[in-house]
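Asks: First the structure, then my questions, so here it is.
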Amino acid sequence: MPQFKNDTVLIVGSGPNAVDCTQWSGFDQIIAINNAWRIRPDWNALIYPEDFPKDRHPPTLQPSQRRIEADQFVPAQNAYGGFVYAGATMAFTAGYWALHALRPRVMAFIGCDMVYAKTGPTHFYGTGAPDPLRDDISLMDLGASSARLALMAAAEGTRCVNLSQDDSALLFERATPADLAHLPAACLPNPSAYGKALAAEAKLGYFVQNGRVWEEAHRFSPAPLLDLHAMWRAAYGAKTHMCAAA
C-alpha cells in the first residue's frame, strides 16, 4: 500500500474560478501558483517561475509558508522525465513538485483549467497573459500533458482531480470538495499502455536538465511529440486496469 506524507493537497492557479476556494477547508497543504497567494492567506507553498515579477511576490511569509523556486521544482519535475514531456507551464510543474515533495493521496486542482475567455477576465485578478497558450513545443496538447501527470501520480497511488465545474483542458476526473475525503484509491495505470508511452519517451531522449525548454527547442520535433501525446491519451483511457486497495 502506498505511504502518503499528506492526505489532500489543493493546488490553486490563477483562473477566474480560483476564488471559489476561499472558504474550502480540509486540506493538508495548499499550493498557490504565481499570483494565487492573494486568494486566501493560509497557503503553505508559493510556486513561481524565474520570471515572476518581484513586485507580485508576497511581502512577508508566515512560519507555515515557503517559496518554491526553480532550484526545487526543476529537480522534482526532472524526476518525472523533465519539462518537454511534462509541459512547461506552472500548473503541471506545481503538480509534479507536489507529487515529488508532498506525496499526497489526492491532488485537487482549481483555477488551472487553462481555457481562456476571448473577452472579459482571463484570470481571477483581471486580464493576463495566458502562459499555457504561448508558443512552446512542450505545450502542444495540454490535455495529454494532464493525462501524463495523472498517470504518473496514479503510479504512486495519488489521485488527481479537478474541482472546477467549468470547461477545462485538464482531463482529470471532476470532484467537489465534499468528495475528497471519501474518494477511492487511485487506479493504477494500464501497464502495457503506460509502459509504451514511457518507452517512447526514453527512445526520444528529449530532456533539458535546467528546464529551460525554449533554449533547446531546435533539438525537438513536433511530430514524435504529437505521437507521444496520443499515447498518453490512450494510456489515460485505459487507466482502470487495476485499483490499489483503499
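The values are calculated or read from the model by the stated rules, or taken from the named source; none is laboratory data. The structure presented is a predicted model; accordingly, all values stated were derived computationally and were not measured. Reconstructed Cβ throughout: ideal geometry from the backbone, glycine too, with neighbour counts over all protein chains shown. Side chains are part of the model used for accessible areas, which takes the heavy atoms of the whole protein and leaves out ligands, DNA and RNA. Shrake-Rupley method; radii C 1.70, N 1.55, O 1.52, S 1.80 Å.
Asks: Scan region 1-95 for trypsin sites (Lys or Arg not before Pro) in coil per DSSP, keeping those whose Cβ has at most 16 other Cβ atoms within 10 Å, and list them by number.
Replies: On the way: sites: K5, R38, K54, R56, R66, R67; in loops: K5.
Passing both the DSSP loop test and the Cβ count: K5.
Asks: Please pull out the direction-averaged projected area of the chain, using the convex hull of its alpha-carbon atoms, in nm² to one decimal place. List each step's numbers first, then the result.
Replies: Working: hull surface 51.3 nm².
Seen from a random direction, the Cα hull of the chain projects 12.8 nm² on average.
Asks: Rounded to the nearest 5, what is the percent of antiparallel bridges among the DSSP beta bridges in the chain? It would help to have the intermediate numbers written out before the result.
Replies: Working: 3 of 25 bridges.
Here the antiparallel bridges make up roughly 10 percent for the chain.
Asks: If I take R0 = 25 Å and measure r between the Cβ atoms of A223 and R134 in this structure, what FRET efficiency does the formula 1/(1 + (r/R0)^6) give, to the nearest 0.05? Walk me through the numbers on the way to the answer.
Replies: On the way: r = 20 Å, r/R0 = 0.81.
Efficiency at R0 = 25 Å is approximately 0.75.
Asks: Of the residues G120, G143, G211, which exhibits the maximal mean-square fluctuation in a Gaussian network model of the chain defined by a 10 Å Cα contact cut-off?
Replies: Highest fluctuation among the options: G120.
Asks: Moving on. Can you work out D for region 120-221 in µm² s⁻¹ from Stokes-Einstein, where Rh is the Kirkwood radius over C-alpha pairs, the temperature is 25 °C and the viscosity is 0.890 mPa s?
Replies: Numbers: Rh = 16.3 Å.
Roughly 151 µm²/s, to the nearest whole number.
Asks: Now a separate question. Residues in region 164-178 near a label at A117, defined as backbone nitrogen under 13 Å from the 7 Å Cα→Cβ point?
Replies: Residues passing the 13 Å test: 167.
Asks: Further, regarding this structure: In debye, nearest 20: dipole of the chain around its Cα centre with unit charges on the Cβ of K, R (+) and D, E (-)?
Replies: 340
Asks: Which loop-located trypsin sites (Lys or Arg not before Pro) does region 127-222 contain, where loop means any DSSP state but H, G, I, E or B and the Cβ has at most 15 other Cβ atoms within 10 Å? Provide the component values of the computation, followed by the final result.
Replies: Numbers: sites: R134, R148, R159, R174, K196, K203, R212, R219; in loops: R134, R212.
Those that pass, being in a loop and sparsely packed, are R134, R212.
Asks: Mind ranking T60, T122 by accessible surface for me, highest first, 1.4 Å probe?
Replies: Details: T60 95, T122 15 Å².
The ordering from most to least exposed comes out as T60, T122.
Asks: Take each uninterrupted DSSP H stretch in the chain, measure its Cα extent along the helix axis, and return the ones at 15 Å or beyond whose mean Kyte-Doolittle hydropathy is at least 0.0.
Replies: Working: long enough: 90-102 (16 Å, 1.00); 142-154 (18 Å, 1.22); 191-204 (19 Å, 0.09); 222-237 (23 Å, 0.22).
Result, helices passing both filters: 90-102, 142-154, 191-204, 222-237.
Asks: Given a Förster radius of 25 Å and the C-beta distance between D166 and S25 as r, what FRET efficiency does 1/(1 + (r/R0)^6) yield to the nearest 0.05? Don't jump to the answer; show the numbers that get you there.
Replies: On the way: r = 22 Å, r/R0 = 0.87.
The computed FRET efficiency comes out at 0.70.
Asks: Please give the contour-minus-distance gain from K196 to K5: 0.36 nm per residue of separation, less the Cα-Cα distance, rounded to one decimal in nm.
Replies: Numbers: separation 191, 0.36 × 191 = 68.76 nm, distance 2.96 nm.
My answer for the length gained is 65.8 nm.
Asks: Suppose we look only past 16 Å in the calculated P(r) of region 9-93. What percent of the Cα-Cα pairs does that tail hold? Before the final figure, lay out the partial values.
Replies: Details: 1913 of 3570 pairs.
It works out to 54 percent of all Cα pairs.
Asks: Which net charge results when you count Lys and Arg as +1 and Asp and Glu as -1 among the other residues whose beta-carbon is under 9 Å from that of G157? Don't skip to the end; give the middle numbers.
Replies: On the way: positive: R103, R105, R159; negative: E156.
Computed value for this residue: +2.
Asks: Which of the aspartates and glutamates could be linked to K196 by a straight reach, that is with a Cα gap under 19 Å, when you skip same-chain ones fewer than 8 residues away?
Replies: Leaving aside aspartates and glutamates fewer than 8 places away in the same chain, those within reach of K196 are D141, E156, D227.
Asks: On to the next question. Can you tell which of L225, L204, L188 shows the greatest fluctuation in a Gaussian network model of the chain with Cα springs below 10 Å?
Replies: L204
Asks: For a Förster distance of 30 Å, can you work out the FRET efficiency between the beta-carbons of E216 and R38, rounded to the nearest 0.05? Don't skip to the answer; put the middle values down first.
Replies: Details: r = 34 Å, r/R0 = 1.13.
Rounded to the nearest 0.05, the efficiency is 0.35.
Asks: Using a Gaussian network for the chain with springs between C-alpha atoms less than 10 Å apart, which of these wobbles most: A154, A230, A88?
Replies: Between A154, A230, A88, it is A230 that shows the largest mean-square fluctuation.
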